């Protein structure tokens, strides 16, 4: 449940879509490929009461999901925003956004970005932090780091050693066939069993790989994340019966309904919640709630967000059932310079929630302008 129904509505006049380009500090490799930089679609809600910002997490290519930057931009411009502006600037509540956009199938990352912008604007207008609105229960959360696939295991050891020295309290290692058992073995031998370690397959395996993945059981991992394609929920239930390590779902969980279905079918015992993947932070809270009701722990995944999405993820990760350390790392993990004046920093293995209204971040507008690739405004009449 959230505190949002008690807020005064806002009058949305238009939206700005701004694509920026940022280089990653280091290349990030998963089973989908290697990223050296990111184009990021930012959304600004323009309202009578003030602006709000959201961040779309779709990537350059339709690999993690069917969405990508151009598709998200197109569907926002031609299908989503027109549905929100039909009331000609009448009062709107962030809780209405999902219902108004529901006739458009899928495109959850695009919907999430628009909802986030409206939500930020409404919360700022009502002087309420996102954490208060959605029911966060702590003011800081432990921080884990996601580590990409390395061809050189010695380089992987150095990388992870550096993150542990910085204070990260949990390591997530990307894996794929041919780069799984051996790197995990070396990491356990090097850093010991006390370091919380989990692996993420990003759908790289098949139903036949259960016995192979079971070889990871001896390393005491927290979980194996999304070993099979997202549409194979039954396959995950089969794998879960063959593997002792808890199976966690990511790409398969696109809504609270999907979470309940996966849980009831025995496909997972842990769920990774990403607001963009489920269509928004309000739906993410619903996923949290249905998991909590069924005794399924959750954690907050990351999508290489800037300070906007990172701050919103922090508020989400502070809900009571987020009992597993997530991927809300410091801004400097991915960006030499973030687009906010107060980037997320690591504080004794934790990251601190923003306390200001809305997302609580102050955007660095001159820097955003300097890295802007395109910008357009619709509405405002």
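It is to be established whether one or more residues within the range 268-285 are closer than 17 Å to residue 113 by Cβ and more than 15 Å from the chain's Cα centre (by Cα).
no
Specify the residue that is nearest to residue 167 (Cα to Cα); the eligible residues are those in the range 185-199 that are in contact with a helix residue (DSSP H, G or I) (Cβ under 9 Å, 6 or more places away or on another chain) and part of a loop (DSSP other than H, G, I, E, B).
My answer is 195.
I'd like the residue in the range 339-359 that is part of a loop (DSSP other than H, G, I, E, B) and within 21 Å of residue 162 (Cα to Cα) and, out of all such residues, is farthest from the chain's Cα centre (by Cα).
348
Among the strands (runs of 3 or more DSSP E) contained in the range 1-68, which hold 2 or more residues that are touching a strand residue (DSSP E or B) at 6+ places or on another chain (Cβ under 8 Å) and farther than 21 Å from residue 356 by Cβ? Show your work before the answer.
Details: elements: 10-30, 33-47, 52-56.
Qualifying strands (runs of 3 or more DSSP E): 10-30, 33-47.
Quick check on my filter: what residues within the range 93-134 are within 19 Å of residue 50 (Cβ to Cβ) and without any contact (Cβ under 8 Å) to a residue 24 or more places away in the chain?
Hit for the range 93-134 is 96, nothing else.
For the range 272-287, enumerate the residues that are touching a strand residue (DSSP E or B) at 6+ places or on another chain (Cβ under 6 Å) and over 18 Å from residue 120 (Cα atoms).
Result: 272, 273, 287.
Tell me yes or no: at least one residue of the range 320-327 is buried (at least 17 other Cβ atoms within 10 Å of the Cβ), under 21 Å from residue 39 (Cα atoms) and in contact with a strand residue (DSSP E or B) (Cβ under 6 Å, 6 or more places away or on another chain).
Yes, some residue in the range 320-327 is buried (at least 17 other Cβ atoms within 10 Å of the Cβ), under 21 Å from residue 39 (Cα atoms) and in contact with a strand residue (DSSP E or B) (Cβ under 6 Å, 6 or more places away or on another chain).
Can you find a residue that is farther than 28 Å from residue 37 by Cβ, in contact (Cβ under 8 Å) with a residue 24 or more places away in the chain and surrounded by 12 or more Cβ atoms within 10 Å (Cβ to Cβ) anywhere in the range 369-379?
Yes, because at least one residue in the range 369-379 is farther than 28 Å from residue 37 by Cβ, in contact (Cβ under 8 Å) with a residue 24 or more places away in the chain and surrounded by 12 or more Cβ atoms within 10 Å (Cβ to Cβ).
Quick one: what pairs do we get from the range 135-158, first residue free of Cβ contacts under 8 Å to residues at least 60 places away in the same chain, second in a loop (DSSP other than H, G, I, E, B), C-beta under 6 Å, 6+ apart or different chains?
The qualifying pairs are 156/150.
Considering 14, 50, which residue is assigned by TED's automatic domain parsing to the domain that holds residue 112, touching a helix residue (DSSP H, G or I) at 6+ places or on another chain (Cβ under 6 Å) and under 21 Å from residue 378 (Cα atoms)?
Step by step, each of 14, 50 is checked, and only 50 is assigned by TED's automatic domain parsing to the domain that holds residue 112, touching a helix residue (DSSP H, G or I) at 6+ places or on another chain (Cβ under 6 Å) and under 21 Å from residue 378 (Cα atoms).
Looking at the range 85-96, is at least one residue more than 21 Å from residue 6 (Cα to Cα) and either in contact with a strand residue (DSSP E or B) (Cβ under 8 Å, 6 or more places away or on another chain) or surrounded by 21 or more Cβ atoms within 10 Å (Cβ to Cβ) (or both)?
yes
Filter the range 287-299 for residues that are part of a helix (DSSP H, G or I) and either under 16 Å from residue 317 (Cβ atoms) or modelled with pLDDT under 95 (or both) and give the result.
Within the range 287-299, 287, 288, 289, 291, 292 meet the criteria.
Out of 68, 64, I need the residue that is modelled with pLDDT of 95 or more and either outside the structural domain of residue 148 (by TED's automatic domain parsing) or more than 15 Å from residue 305 (Cβ to Cβ) (or both). Which one?
Testing whether each residue is modelled with pLDDT of 95 or more and either outside the structural domain of residue 148 (by TED's automatic domain parsing) or more than 15 Å from residue 305 (Cβ to Cβ) (or both) leaves just 68.
Among the residues of the range 206-249, which ones are within 22 Å of the chain's Cα centre (by Cα) and within 17 Å of residue 187 (Cα to Cα)?
Residues satisfying the conditions are 221, 222, 223, 224.
Is it the case that residue 80 is in contact with a helix residue (DSSP H, G or I) (Cβ under 8 Å, 6 or more places away or on another chain), closer than 29 Å to residue 290 by Cα and either without any contact (Cβ under 8 Å) to a residue 40 or more places away in the chain or outside the structural domain of residue 122 (by TED's automatic domain parsing) (or both)?
yes
Residues to consider are 338, 362, 327; find the one that is in contact (Cβ under 8 Å) with a residue 60 or more places away in the chain and either farther than 25 Å from residue 200 by Cα or not assigned by TED's automatic domain parsing to the domain that holds residue 123 (or both).
None of the other options fit; the residue is 327.
The values are calculated or read from the model by the stated rules, or taken from the named source; none is laboratory data. In this text the structure is predicted, and so the values were computed from the model without any measurement. Glycine also receives a Cβ, built like all others from the backbone with ideal geometry; neighbour counts cover every protein chain displayed.
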